[in-house]
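Here is the structure we will look at, set down as structure tokens.
The values are calculated or read from the model by the stated rules, or taken from the named source; none is laboratory data. Please read these numbers as outputs of a predicted model, since none were measured by experiment. Note that each Cβ is placed from the backbone with ideal geometry, even for glycine, and that neighbours are counted across all protein chains shown. Ligands, DNA and RNA are excluded from the accessible area calculation, which covers all protein heavy atoms including side chains. Shrake-Rupley method; radii C 1.70, N 1.55, O 1.52, S 1.80 Å.
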Amino acid sequence: MSEHRIELTVNGRRIAAETEARTSLGDFLRLEGGYTGVHLGCEHGVCGACTVIVEGRAVRSCLMLAVQANGQEVTTVEGLAGPDGELHPVQVAMREAHGLQCGFCTPGVLMTFAALTAGDARPQEDDFIAAMSGHICRCTGYQGIRRAAAALAAAAQEQPA
């Protein structure tokens, strides 16, 4: 067992800790950071529930080792809303479209959609649908999530180029 000291920034907060080389980023975020919105489902990268944003990219935190995130910027679902509690546009779209039910897959879907819409990106509805293919939802039948994706795509297309 080898221990490594790592430091990363999670939702704007610096975290430094010793961790085993084999610890997944998802486990590290939950156990060392207390970010329980990172849901570990399949632990094989299939279900998408553990998706977080690392350096602007949506990644499966169950497949990434914590040591690989050393020195990087990580955003979890807890970091999506603004400091004043104002919801991120993807959170608003999911709420308005009733895109969640039990909530287990929701953080991962939100993080994927947030990464897709970051900056001046203008994703089409098909981009959201393709991104959804990396998520398993057992409750909603995906229709609410698809409605949220359609609303986000429409909003992206309304942005000035």
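The relative contact order of segment 35-74, computed from alpha carbon pairs under 8 Å that lie at least 6 residues apart in sequence, is 33 percent.
Which whole-number value in Å² is the accessible area per residue of segment 106-161, probe 1.4 Å?
Working: 2840 Å² over 56 residues.
Heavy-atom SASA per residue in segment 106-161 reads 51 Å².
Sorting 104, 28 on solvent-accessible area from highest to lowest, probe radius 1.4 Å, gives 104, 28. Working from Cα pairs under 8 Å separated by at least six residues, relative contact order for the chain is 23 percent. Entry note, segment 43-123: relative contact order of 38 percent, from Cα contacts under 8 Å with a spacing of 6+ residues. Take segment 18-82 with all the other protein chains still there, run a 1.4 Å probe, and you get 44 Å² of accessible area per residue. Pairing the Cα long axis of helix 143-158 with the longest principal axis of the chain, what angle in degrees results, from 0 to 90 and rounded to the nearest 10? Taking the Cα atoms of the chain, the angle to 143-158 is about 80 degrees. Comparing Cα centroids, segment 21-36 and segment 88-108 end up 23 angstrom apart. By accessible area, using a 1.4 Å probe on protein heavy atoms only, the chain has 50% of its surface on carbon and sulfur.
Label reach from residue 125 (point 7 Å along Cα→C-beta): in segment 86-100, amide nitrogens under 19 Å belong to 90, 93-100. Over the chain, DSSP H runs of length four or greater, each weighted -39,500 (n - 2.57), average out per residue to a 222 nm ellipticity of -9500 deg cm²/dmol.
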